[in-house]
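The values are calculated or read from the model by the stated rules, or taken from the named source; none is laboratory data. Worth saying up front: this structure is predicted, and the values here are computed from it rather than measured. All Cβ positions, glycine included, derive from the backbone under ideal geometry; neighbour counts span all protein chains shown.
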Number of protein chains: 2
Amino acid sequence: MSQEFSYDILEEIAVLSENTKGWTKELNLISWNGRPAKFDLRDWAPNHEKMGKGITLTNEEFAALKETLTKM
Amino acid sequence: MSQEFSYDILEEIAVLSENTKGWTKELNLISWNGRPAKFDLRDWAPNHEKMGKGITLTNEEFAALKETLTKM
């Protein structure tokens, strides 16, 4: 069963790395299916033509991550 | 085809959130298949009995993420 979904990259915050095939690991603000934006860490093909695996973070999770990293 | 793999959680750095079923979103240092440790953002069942989707970050990607977040 296939499921349609939409996404809208609202803000490209940072590109963390790029591999030899041009795929990038990015931190973005993304709205999934028209819902409120979430922070998203994910691999992307060039020009965002394909998405790889990744993880979304709520505002609260993102704040906790930020607090952790600034202490390290 | 199934593939065997091993993982070893070397350091539990932070728990970013916990949902009503007890699953947690965590930042850990994990060695996959005996390889050098990577930073790992992932959902976990209670007591790490099951792992959900997540993303690994190299040291360089983690440093880039940290630099980005400390500027926000």
Any idea which of (1) at the interface with chain A (Cβ under 8 Å from one of its Cβ atoms); (2) modelled with pLDDT of 95 or more is the one B:Thr70 doesn't satisfy?
-> (2)
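I'd like to know if segment A:38-47 contains one or more residues that are among the charged types (D, E, K, R) and more than 26 Å from B:Met72 (Cβ to Cβ).
First pass over segment A:38-47, keeping only residues among the charged types (D, E, K, R): A:38, A:40, A:42-43.
Imposing the further condition that a residue be more than 26 Å from B:Met72 (Cβ to Cβ) reduces the set to none.
The answer is no, given that none of the residues of segment A:38-47 is among the charged types (D, E, K, R) and more than 26 Å from B:Met72 (Cβ to Cβ).
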Selection within segment A:1-30 - over 10 Å from the mean Cα position of the chain (by Cα) and either basic (Lys, Arg) or farther than 17 Å from B:Glu61 by Cβ (or both) | A:Met1, A:Ser2, A:Gln3, A:Glu4, A:Phe5, A:Ser6, A:Tyr7, A:Asp8, A:Leu10, A:Lys21
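Could you check segment A:41-67 and list, in sequence order, the residues that are more than 13 Å from B:Leu16 (Cα to Cα) and either more than 10 Å from chain B (Cβ to nearest Cβ) or of a type in the set (A, V, I, L, M) (or both)?
Residues of segment A:41-67 more than 13 Å from B:Leu16 (Cα to Cα): A:41-54.
Once the filter is applied, which keeps residues that are more than 13 Å from B:Leu16 (Cα to Cα) and either more than 10 Å from chain B (Cβ to nearest Cβ) or of a type in the set (A, V, I, L, M) (or both), segment A:41-67 yields A:Leu41, A:Trp44, A:Ala45, A:Pro46, A:Asn47, A:His48, A:Glu49, A:Lys50, A:Met51.
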Report whether or not A:Leu27 is at the interface with chain B (Cβ under 8 Å from one of its Cβ atoms) and in contact with a strand residue (DSSP E or B) (Cβ under 7 Å, 6 or more places away or on another chain).
-> yes
Please work out which one of (1) under 10 Å from the mean Cα position of the chain (by Cα); (2) closer than 27 Å to A:Glu18 by Cβ is the condition B:Ala37 fails and give its number.
-> (1)
